[in-house]
Amino acid sequence: MNVVTEWPERLGSVLFGDVPLETPAFIYDEAGILRLLGKGAEIRESSGCRLLFAVKSFCFRDALELMAPHLDGFAVSSLFEAKLARSVLRDRGTLHFTTAGLRPQDAADSGVLCDYFAFNSVNQLRSHRDVLHPAVQVGLRVNPELSFIGDARYDPCRPASRLGEPLSTVAQILDEGDSVSGLLLHTNCDATDFGQLETTVNKIRRGLGPRLEDGRLRWINLGGGYLFEDEYGDDALDMTPLYRTIDFLQRGCSLETIIEPGAALIRTACYLVSTVLEIQTRSGGKTAILDTTVNHMPEAFEYQYEPDVLGHRDDADWACTLAGCTCLAGDVFGEYSFDHPLAVGDRVMFLNMGAYTLVKAHTFNGVNLPTIYALTSGGELLMKRRYTYDDFAARWGA
Ligand SMILES: Cc1ncc(COP(=O)(O)O)c(C=O)c1O
(Lines give C-alpha, C1' and ligand atoms only; values in the text may rest on other atoms or scores of the structure.)
Protein backbone atom coordinates (compact mmCIF):
# COMPACT_ATOMS: atom_id res chain seq x y z
CA MET A 1 0.00 0.00 0.00
CA ASN A 2 1.26 3.50 -0.75
CA VAL A 3 2.11 5.73 2.16
CA VAL A 4 0.07 8.82 1.56
CA THR A 5 0.42 11.69 3.94
CA GLU A 6 -0.33 14.75 1.84
CA TRP A 7 -3.82 15.80 0.87
CA PRO A 8 -3.77 16.51 -2.86
CA GLU A 9 -3.80 20.29 -2.92
CA ARG A 10 -6.60 20.49 -5.44
CA LEU A 11 -8.86 18.42 -3.21
CA GLY A 12 -8.33 20.24 0.03
CA SER A 13 -11.36 22.44 -0.51
CA VAL A 14 -13.49 19.46 -1.42
CA LEU A 15 -12.72 17.59 1.73
CA PHE A 16 -12.49 20.36 4.24
CA GLY A 17 -14.24 23.30 2.66
CA ASP A 18 -17.86 24.22 2.39
CA VAL A 19 -18.32 22.34 -0.85
CA PRO A 20 -21.37 20.13 -0.49
CA LEU A 21 -20.53 16.60 -1.54
CA GLU A 22 -22.86 13.62 -1.59
CA THR A 23 -20.99 10.51 -0.59
CA PRO A 24 -20.04 8.01 -1.69
CA ALA A 25 -18.62 10.27 -4.37
CA PHE A 26 -16.52 9.30 -7.32
CA ILE A 27 -14.46 12.30 -8.41
CA TYR A 28 -12.59 12.50 -11.68
CA ASP A 29 -10.00 15.21 -11.67
CA GLU A 30 -9.79 16.89 -15.06
CA ALA A 31 -6.34 18.36 -14.40
CA GLY A 32 -5.14 14.90 -13.34
CA ILE A 33 -6.50 13.36 -16.54
CA LEU A 34 -4.88 16.07 -18.67
CA ARG A 35 -1.58 15.50 -16.86
CA LEU A 36 -1.68 11.78 -17.68
CA LEU A 37 -2.69 12.55 -21.27
CA GLY A 38 0.36 14.83 -21.40
CA LYS A 39 2.53 11.81 -20.66
CA GLY A 40 0.79 9.91 -23.45
CA ALA A 41 1.34 12.87 -25.77
CA GLU A 42 5.05 12.87 -24.95
CA ILE A 43 5.31 9.23 -26.02
CA ARG A 44 3.26 9.84 -29.11
CA GLU A 45 5.30 12.88 -30.13
CA SER A 46 8.69 11.36 -29.38
CA SER A 47 7.96 8.05 -31.10
CA GLY A 48 5.34 8.79 -33.74
CA CYS A 49 3.05 6.02 -32.47
CA ARG A 50 -0.71 6.42 -32.32
CA LEU A 51 -2.31 6.75 -28.91
CA LEU A 52 -5.71 5.29 -28.01
CA PHE A 53 -7.47 5.04 -24.67
CA ALA A 54 -8.92 1.64 -23.67
CA VAL A 55 -12.37 2.65 -22.46
CA LYS A 56 -12.90 -0.66 -20.65
CA SER A 57 -10.89 0.87 -17.81
CA PHE A 58 -13.17 3.92 -17.44
CA CYS A 59 -15.98 5.09 -19.67
CA PHE A 60 -17.71 8.08 -18.13
CA ARG A 61 -18.86 10.01 -21.16
CA ASP A 62 -17.93 13.57 -20.22
CA ALA A 63 -14.46 12.42 -19.26
CA LEU A 64 -14.11 10.68 -22.62
CA GLU A 65 -15.12 13.98 -24.26
CA LEU A 66 -12.31 15.68 -22.35
CA MET A 67 -9.83 13.02 -23.46
CA ALA A 68 -10.79 12.65 -27.12
CA PRO A 69 -8.96 15.72 -28.52
CA HIS A 70 -5.71 14.44 -26.99
CA LEU A 71 -5.97 10.96 -28.50
CA ASP A 72 -5.97 9.28 -31.90
CA GLY A 73 -9.02 7.29 -30.91
CA PHE A 74 -10.48 4.74 -28.52
CA ALA A 75 -10.07 0.99 -28.02
CA VAL A 76 -13.28 -0.89 -27.23
CA SER A 77 -14.24 -4.43 -26.29
CA SER A 78 -17.97 -4.65 -26.94
CA LEU A 79 -20.78 -3.22 -29.01
CA PHE A 80 -21.92 -0.99 -26.14
CA GLU A 81 -18.44 0.46 -25.66
CA ALA A 82 -18.17 0.89 -29.42
CA LYS A 83 -21.43 2.87 -29.56
CA LEU A 84 -20.48 5.06 -26.61
CA ALA A 85 -16.97 5.71 -27.87
CA ARG A 86 -18.15 6.46 -31.41
CA SER A 87 -20.71 8.93 -30.07
CA VAL A 88 -17.86 10.75 -28.30
CA LEU A 89 -15.34 10.52 -31.13
CA ARG A 90 -17.69 11.36 -33.95
CA ASP A 91 -15.19 11.68 -36.84
CA ARG A 92 -12.29 12.89 -34.70
CA GLY A 93 -10.38 9.60 -34.54
CA THR A 94 -10.39 5.87 -35.06
CA LEU A 95 -12.18 3.13 -33.15
CA HIS A 96 -10.40 -0.19 -32.48
CA PHE A 97 -12.29 -3.31 -31.45
CA THR A 98 -11.21 -6.58 -29.91
CA THR A 99 -13.01 -9.06 -27.69
CA ALA A 100 -12.58 -12.65 -26.56
CA GLY A 101 -16.20 -13.55 -27.27
CA LEU A 102 -18.13 -12.19 -30.22
CA ARG A 103 -21.82 -12.67 -30.94
CA PRO A 104 -22.74 -12.57 -34.64
CA GLN A 105 -25.05 -9.57 -34.33
CA ASP A 106 -22.51 -7.65 -32.28
CA ALA A 107 -19.89 -8.25 -34.97
CA ALA A 108 -22.24 -6.90 -37.62
CA ASP A 109 -23.29 -3.85 -35.57
CA SER A 110 -19.76 -3.03 -34.37
CA GLY A 111 -18.34 -3.68 -37.82
CA VAL A 112 -19.92 -0.50 -39.14
CA LEU A 113 -18.76 1.65 -36.21
CA CYS A 114 -15.10 0.60 -36.00
CA ASP A 115 -12.06 1.32 -38.13
CA TYR A 116 -9.86 -1.53 -36.87
CA PHE A 117 -11.11 -4.94 -35.78
CA ALA A 118 -8.62 -7.34 -34.21
CA PHE A 119 -10.12 -10.82 -34.07
CA ASN A 120 -9.15 -12.82 -31.02
CA SER A 121 -8.95 -16.17 -32.80
CA VAL A 122 -8.91 -17.72 -36.24
CA ASN A 123 -12.42 -19.04 -35.66
CA GLN A 124 -13.64 -15.53 -34.91
CA LEU A 125 -11.87 -14.20 -37.98
CA ARG A 126 -13.40 -16.77 -40.30
CA SER A 127 -16.88 -16.52 -38.80
CA HIS A 128 -17.25 -12.75 -38.75
CA ARG A 129 -14.80 -11.08 -41.12
CA ASP A 130 -17.32 -10.84 -43.92
CA VAL A 131 -19.88 -8.83 -41.95
CA LEU A 132 -17.50 -5.94 -41.26
CA HIS A 133 -17.67 -2.79 -43.34
CA PRO A 134 -15.24 -3.29 -46.25
CA ALA A 135 -13.11 -0.32 -45.12
CA VAL A 136 -12.36 -1.89 -41.71
CA GLN A 137 -8.73 -2.89 -41.13
CA VAL A 138 -8.82 -6.56 -40.18
CA GLY A 139 -6.36 -7.79 -37.57
CA LEU A 140 -5.62 -10.84 -35.48
CA ARG A 141 -4.62 -10.94 -31.82
CA VAL A 142 -1.29 -12.65 -31.29
CA ASN A 143 -0.38 -14.33 -28.03
CA PRO A 144 3.41 -14.50 -27.83
CA GLU A 145 3.20 -16.88 -24.86
CA LEU A 146 5.68 -14.93 -22.80
CA SER A 147 4.61 -14.26 -19.21
CA PHE A 148 5.88 -11.53 -16.92
CA ILE A 149 3.11 -11.58 -14.32
CA GLY A 150 3.20 -13.67 -11.16
CA ASP A 151 -0.58 -13.76 -10.72
CA ALA A 152 -2.14 -15.82 -13.52
CA ARG A 153 -5.49 -14.06 -13.05
CA TYR A 154 -3.98 -10.93 -14.58
CA ASP A 155 -1.77 -12.68 -17.12
CA PRO A 156 -3.00 -12.65 -20.73
CA CYS A 157 -0.13 -15.05 -21.56
CA ARG A 158 -1.00 -17.60 -18.85
CA PRO A 159 -0.73 -21.25 -19.94
CA ALA A 160 -3.49 -22.17 -22.40
CA SER A 161 -4.67 -18.57 -22.49
CA ARG A 162 -7.72 -17.94 -24.67
CA LEU A 163 -6.48 -14.43 -25.50
CA GLY A 164 -5.03 -14.45 -28.99
CA GLU A 165 -3.46 -17.08 -31.23
CA PRO A 166 0.04 -18.48 -30.80
CA LEU A 167 2.77 -17.24 -33.13
CA SER A 168 2.83 -20.41 -35.23
CA THR A 169 -0.90 -20.04 -36.01
CA VAL A 170 -0.53 -16.36 -36.84
CA ALA A 171 2.36 -17.19 -39.19
CA GLN A 172 0.20 -19.79 -40.92
CA ILE A 173 -2.73 -17.38 -41.34
CA LEU A 174 -0.45 -14.74 -42.82
CA ASP A 175 0.96 -17.29 -45.24
CA GLU A 176 -2.54 -18.28 -46.33
CA GLY A 177 -3.13 -14.62 -47.29
CA ASP A 178 -6.21 -14.35 -45.10
CA SER A 179 -6.64 -10.58 -45.62
CA VAL A 180 -5.18 -9.80 -42.20
CA SER A 181 -3.53 -6.39 -42.30
CA GLY A 182 -2.53 -6.01 -38.67
CA LEU A 183 -1.73 -7.61 -35.33
CA LEU A 184 -2.77 -6.83 -31.78
CA LEU A 185 -0.99 -7.94 -28.65
CA HIS A 186 -1.79 -7.18 -25.02
CA THR A 187 0.50 -9.12 -22.76
CA ASN A 188 1.11 -7.39 -19.46
CA CYS A 189 -0.57 -5.70 -16.49
CA ASP A 190 0.52 -2.56 -14.63
CA ALA A 191 4.08 -3.09 -15.85
CA THR A 192 6.65 -0.33 -15.63
CA ASP A 193 9.51 -2.18 -17.32
CA PHE A 194 9.34 -1.49 -21.04
CA GLY A 195 12.20 -3.95 -21.49
CA GLN A 196 9.48 -6.60 -21.16
CA LEU A 197 7.65 -5.14 -24.14
CA GLU A 198 10.84 -5.11 -26.16
CA THR A 199 11.51 -8.76 -25.24
CA THR A 200 7.95 -9.63 -26.26
CA VAL A 201 8.27 -7.90 -29.63
CA ASN A 202 11.62 -9.62 -30.18
CA LYS A 203 9.92 -12.95 -29.62
CA ILE A 204 7.23 -12.00 -32.15
CA ARG A 205 9.96 -10.97 -34.56
CA ARG A 206 11.65 -14.36 -34.23
CA GLY A 207 8.34 -16.21 -34.49
CA LEU A 208 7.06 -14.39 -37.57
CA GLY A 209 10.37 -13.88 -39.35
CA PRO A 210 10.06 -11.83 -42.55
CA ARG A 211 6.25 -11.65 -42.26
CA LEU A 212 6.59 -8.68 -39.91
CA GLU A 213 8.42 -6.54 -42.41
CA ASP A 214 7.72 -7.80 -45.90
CA GLY A 215 4.75 -5.52 -46.47
CA ARG A 216 1.84 -7.88 -45.93
CA LEU A 217 1.12 -6.26 -42.56
CA ARG A 218 0.32 -2.57 -42.27
CA TRP A 219 -0.18 -2.03 -38.54
CA ILE A 220 0.57 -3.41 -35.12
CA ASN A 221 -1.21 -2.56 -31.87
CA LEU A 222 0.92 -3.12 -28.77
CA GLY A 223 -2.11 -3.03 -26.44
CA GLY A 224 -2.01 -1.65 -22.91
CA GLY A 225 -0.70 -3.17 -19.69
CA TYR A 226 2.10 -0.65 -19.10
CA LEU A 227 2.10 2.45 -16.86
CA PHE A 228 3.81 5.72 -17.76
CA GLU A 229 4.97 6.53 -14.24
CA ASP A 230 5.64 4.45 -11.17
CA GLU A 231 3.45 4.48 -8.06
CA TYR A 232 5.06 7.65 -6.78
CA GLY A 233 4.67 9.43 -10.11
CA ASP A 234 8.29 10.42 -10.14
CA ASP A 235 9.03 10.06 -13.84
CA ALA A 236 11.85 7.63 -13.15
CA LEU A 237 10.84 5.11 -15.78
CA ASP A 238 13.24 4.19 -18.54
CA MET A 239 11.27 4.75 -21.71
CA THR A 240 14.18 3.83 -24.02
CA PRO A 241 13.10 0.22 -24.70
CA LEU A 242 9.63 1.49 -25.64
CA TYR A 243 11.05 4.01 -28.09
CA ARG A 244 13.47 1.43 -29.52
CA THR A 245 10.60 -1.02 -30.00
CA ILE A 246 8.33 1.49 -31.70
CA ASP A 247 11.19 2.69 -33.89
CA PHE A 248 11.96 -0.87 -34.98
CA LEU A 249 8.30 -1.49 -35.86
CA GLN A 250 7.71 1.82 -37.57
CA ARG A 251 10.95 2.43 -39.39
CA GLY A 252 12.33 -1.10 -39.56
CA CYS A 253 9.07 -2.80 -40.54
CA SER A 254 7.04 0.16 -41.90
CA LEU A 255 4.17 -0.69 -39.55
CA GLU A 256 1.79 1.90 -38.19
CA THR A 257 2.30 1.36 -34.47
CA ILE A 258 -0.50 1.87 -31.97
CA ILE A 259 -0.70 1.72 -28.18
CA GLU A 260 -3.95 1.51 -26.21
CA PRO A 261 -3.32 2.05 -22.49
CA GLY A 262 -6.16 2.17 -20.02
CA ALA A 263 -4.88 2.45 -16.44
CA ALA A 264 -1.88 4.60 -17.42
CA LEU A 265 -4.20 7.39 -18.58
CA ILE A 266 -6.76 7.37 -15.78
CA ARG A 267 -5.89 5.51 -12.58
CA THR A 268 -4.29 8.25 -10.52
CA ALA A 269 -6.73 10.93 -11.67
CA CYS A 270 -9.79 9.67 -9.77
CA TYR A 271 -10.78 9.41 -6.11
CA LEU A 272 -13.60 7.85 -4.16
CA VAL A 273 -14.75 9.83 -1.14
CA SER A 274 -16.82 8.15 1.56
CA THR A 275 -18.20 9.11 4.96
CA VAL A 276 -17.65 7.25 8.25
CA LEU A 277 -21.05 5.98 9.42
CA GLU A 278 -20.00 4.30 12.65
CA ILE A 279 -16.92 3.40 14.67
CA GLN A 280 -17.16 -0.01 16.29
CA THR A 281 -14.85 -1.11 19.08
CA ARG A 282 -14.53 -4.87 19.55
CA SER A 283 -11.96 -6.92 21.41
CA GLY A 284 -10.02 -7.36 18.14
CA GLY A 285 -9.79 -3.64 17.45
CA LYS A 286 -11.67 -0.75 15.89
CA THR A 287 -13.66 -0.80 12.68
CA ALA A 288 -14.81 2.25 10.76
CA ILE A 289 -17.90 1.45 8.72
CA LEU A 290 -18.08 3.58 5.58
CA ASP A 291 -20.96 4.51 3.31
CA THR A 292 -19.18 2.80 0.43
CA THR A 293 -18.41 -0.89 -0.17
CA VAL A 294 -15.88 -3.08 -1.90
CA ASN A 295 -18.60 -3.48 -4.52
CA HIS A 296 -17.80 0.05 -5.66
CA MET A 297 -14.35 -1.32 -6.50
CA PRO A 298 -14.93 -5.08 -6.78
CA GLU A 299 -11.34 -5.86 -7.74
CA ALA A 300 -10.26 -4.89 -4.22
CA PHE A 301 -12.26 -7.84 -2.96
CA GLU A 302 -11.76 -10.26 -5.86
CA TYR A 303 -8.01 -9.80 -5.92
CA GLN A 304 -7.57 -9.11 -2.21
CA TYR A 305 -5.64 -5.87 -2.48
CA GLU A 306 -5.90 -2.93 -0.10
CA PRO A 307 -6.77 0.30 -1.87
CA ASP A 308 -4.69 3.42 -1.14
CA VAL A 309 -6.26 5.73 1.41
CA LEU A 310 -5.32 9.34 1.91
CA GLY A 311 -3.82 10.06 5.31
CA HIS A 312 -2.77 6.46 5.99
CA ARG A 313 0.71 5.98 7.43
CA ASP A 314 2.01 2.52 8.32
CA ASP A 315 3.37 3.69 11.67
CA ALA A 316 0.63 6.17 12.62
CA ASP A 317 -0.93 5.72 16.08
CA TRP A 318 -4.61 5.24 15.42
CA ALA A 319 -5.29 1.92 13.68
CA CYS A 320 -8.59 0.61 12.41
CA THR A 321 -10.17 -1.66 9.87
CA LEU A 322 -11.95 0.22 7.09
CA ALA A 323 -15.06 -1.71 6.14
CA GLY A 324 -17.94 -1.40 3.74
CA CYS A 325 -21.64 -1.18 4.51
CA THR A 326 -23.04 -4.40 3.00
CA CYS A 327 -23.90 -7.71 4.67
CA LEU A 328 -20.89 -9.47 3.17
CA ALA A 329 -18.49 -10.43 5.98
CA GLY A 330 -15.60 -9.83 3.64
CA ASP A 331 -16.74 -6.31 2.72
CA VAL A 332 -13.50 -5.00 4.17
CA PHE A 333 -10.94 -2.66 2.60
CA GLY A 334 -8.08 -3.47 4.97
CA GLU A 335 -6.14 -2.31 8.01
CA TYR A 336 -5.16 1.36 8.05
CA SER A 337 -3.47 3.77 10.47
CA PHE A 338 -4.00 7.49 10.78
CA ASP A 339 -2.45 10.31 12.79
CA HIS A 340 -5.86 11.25 14.22
CA PRO A 341 -8.79 9.05 15.27
CA LEU A 342 -11.57 8.85 12.72
CA ALA A 343 -15.00 9.96 13.89
CA VAL A 344 -18.52 9.55 12.60
CA GLY A 345 -19.05 12.01 9.74
CA ASP A 346 -15.39 12.15 8.70
CA ARG A 347 -14.56 11.73 5.08
CA VAL A 348 -12.25 8.93 3.97
CA MET A 349 -10.75 9.23 0.56
CA PHE A 350 -9.55 6.34 -1.59
CA LEU A 351 -6.90 7.23 -4.15
CA ASN A 352 -5.98 5.83 -7.56
CA MET A 353 -9.57 4.85 -8.25
CA GLY A 354 -9.71 5.62 -11.99
CA ALA A 355 -9.08 2.24 -13.58
CA TYR A 356 -11.44 -0.74 -13.39
CA THR A 357 -13.40 0.62 -10.43
CA LEU A 358 -16.46 2.54 -11.60
CA VAL A 359 -16.85 0.30 -14.66
CA LYS A 360 -17.16 -2.72 -12.38
CA ALA A 361 -19.21 -1.18 -9.56
CA HIS A 362 -22.56 -2.73 -8.70
CA THR A 363 -25.43 -2.28 -6.27
CA PHE A 364 -25.40 -5.42 -4.12
CA ASN A 365 -27.66 -4.97 -1.03
CA GLY A 366 -29.27 -2.08 -2.88
CA VAL A 367 -26.38 0.17 -1.94
CA ASN A 368 -26.46 2.96 -4.49
CA LEU A 369 -23.60 3.62 -6.89
CA PRO A 370 -21.34 6.57 -6.08
CA THR A 371 -22.43 9.99 -7.27
CA ILE A 372 -20.05 11.12 -10.00
CA TYR A 373 -18.38 14.52 -9.86
CA ALA A 374 -15.87 16.28 -12.10
CA LEU A 375 -13.26 18.42 -10.43
CA THR A 376 -12.80 20.87 -13.28
CA SER A 377 -9.47 22.33 -14.30
CA GLY A 378 -10.79 25.58 -12.84
CA GLY A 379 -11.17 23.92 -9.41
CA GLU A 380 -14.95 23.70 -9.49
CA LEU A 381 -16.69 20.55 -8.33
CA LEU A 382 -19.52 19.64 -10.71
CA MET A 383 -22.03 16.93 -10.02
CA LYS A 384 -22.27 14.92 -13.23
CA ARG A 385 -24.47 11.96 -12.40
CA ARG A 386 -26.49 10.97 -9.39
CA TYR A 387 -28.05 7.52 -9.42
CA THR A 388 -31.51 7.29 -7.94
CA TYR A 389 -33.94 4.69 -6.73
CA ASP A 390 -35.51 4.86 -10.20
CA ASP A 391 -32.24 3.65 -11.80
CA PHE A 392 -32.11 0.77 -9.34
CA ALA A 393 -35.78 -0.10 -9.79
CA ALA A 394 -35.59 0.07 -13.58
CA ARG A 395 -32.71 -2.38 -13.60
CA TRP A 396 -34.76 -4.81 -11.56
CA GLY A 397 -37.82 -4.58 -13.72
CA ALA A 398 -39.89 -2.03 -11.82
C1 LIG B 1 -6.75 -5.70 -25.50
C2 LIG B 1 -6.54 -4.74 -24.37
N3 LIG B 1 -6.04 -3.52 -24.64
C4 LIG B 1 -5.82 -2.62 -23.64
C5 LIG B 1 -6.12 -2.91 -22.33
C6 LIG B 1 -5.87 -1.87 -21.26
O7 LIG B 1 -4.97 -2.37 -20.34
P8 LIG B 1 -4.39 -1.46 -19.16
O9 LIG B 1 -5.53 -0.80 -18.52
O10 LIG B 1 -3.69 -2.44 -18.28
O11 LIG B 1 -3.44 -0.49 -19.81
C12 LIG B 1 -6.66 -4.18 -22.01
C13 LIG B 1 -6.99 -4.52 -20.61
O14 LIG B 1 -7.42 -5.57 -20.28
C15 LIG B 1 -6.87 -5.12 -23.06
O16 LIG B 1 -7.39 -6.32 -22.81
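The values are calculated or read from the model by the stated rules, or taken from the named source; none is laboratory data. Predicted, not measured: the structure shown is a model, and the values here were computed from it. As a convention, Cβ positions derive from the backbone with ideal geometry for all residues, glycine included, and neighbour counts pool all protein chains shown. The protein model used for the area step is the full one, side chains on, heavy atoms only, and it has no ligands, DNA or RNA in it. Shrake-Rupley method; radii C 1.70, N 1.55, O 1.52, S 1.80 Å.
Each distinct pair of alpha carbons in the chain adds a 1/r term; the inverse of their mean, the Kirkwood radius, is 22.5 Å.
Placing +1 on each Lys and Arg Cβ and -1 on each Asp and Glu Cβ, with no other charges, gives the chain a dipole about its Cα centre of roughly 1400 debye.
Pairs Lys39/Lys286; Lys83/Lys203; Lys39/Lys360; Lys286/Lys384: which are spaced more than 32 Å apart, C-alpha to C-alpha? Cα-Cα > 32 Å for Lys39/Lys286; Lys83/Lys203; Lys286/Lys384; rest within.
Counting only alpha carbon atoms, the long axis of helix 194-208 and the longest principal axis of the chain meet at about 30°. Projecting the Cα positions of Val55, Asn123, Thr357 onto the charge dipole of the chain (unit charges on Cβ atoms of Lys, Arg, Asp and Glu, taken about the Cα centre) puts Asn123 furthest along the positive direction.
When the alpha-carbon atoms of the stretch 233-332 are used, the pair Rg, Dmax equals 20.9, 66 angstrom. The mean sequence distance of close C-alpha pairs (under 8 Å, at least 6 residues apart), as a share of the length of the stretch 215-319, puts its relative contact order at 22 percent. The Kirkwood radius of the stretch 311-358, taken over pairs of alpha-carbon atoms, gives through the Stokes-Einstein law at 37 °C and 0.692 mPa s a diffusion coefficient of 267 µm² s⁻¹.
Quotient of the Cα radius of gyration of the stretch 243-398 and 2.2 N^0.38 Å, N being its number of residues: 1.31. Annotation: the antiparallel percentage among DSSP beta bridges lying fully within the chain is about 40.
In this structure the chain gives 44 Å² per residue of accessible area when probed at 1.4 Å with all protein chains present. How big is the gap, in Å, between the Cα center of the stretch 266-314 and the Cα center of the stretch 324-398? The stretch 266-314 and the stretch 324-398 have Cα centres spaced 10 Å from each other.
Considering only Thr275, Leu185, Leu381, whose Cα is most displaced toward the positive end of the charge dipole of the chain, charges sitting on Cβ of Lys, Arg (+1) and Asp, Glu (-1)? Comparing the listed Cα positions along the dipole, Leu185 ranks first. Normalised by 2.2 N^0.38 Å, where N is the number of residues, the alpha-carbon radius of gyration of the stretch 48-264 equals 0.96.
Dipole size of the stretch 254-299 about its Cα centre, with +1 on Lys/Arg Cβ and -1 on Asp/Glu Cβ: approximately 340 debye, rounded to the nearest 20.
Restricting the stretch 190-266 to chymotrypsin sites (Phe, Trp or Tyr not before Pro) that sit in a DSSP loop and have at most 12 other Cβ atoms within 10 Å of their own Cβ leaves Tyr232.
The share of accessible area on the chain that comes from carbon and sulfur is 49 percent, using a 1.4 angstrom probe. Taking Cα atoms only, the orientation of helix 79-89 departs from the longest principal axis of the chain by about 90 degrees. Taking the average, over residues, of other Cβ atoms within 10 Å as the packing measure, peptides 383-392, 315-324, 20-29 rank 20-29, 315-324, 383-392 from highest down. Among 204-213, 58-67, 113-122, 359-368, the peptide with the highest mean count of other Cβ atoms within 10 Å heads the list, and the full ranking is 113-122, 58-67, 204-213, 359-368.
The magnitude of the dipole of the stretch 48-264, with charges of +1 and -1 set on the Cβ of Lys/Arg and Asp/Glu and taken from the Cα centre, is near 760 debye.
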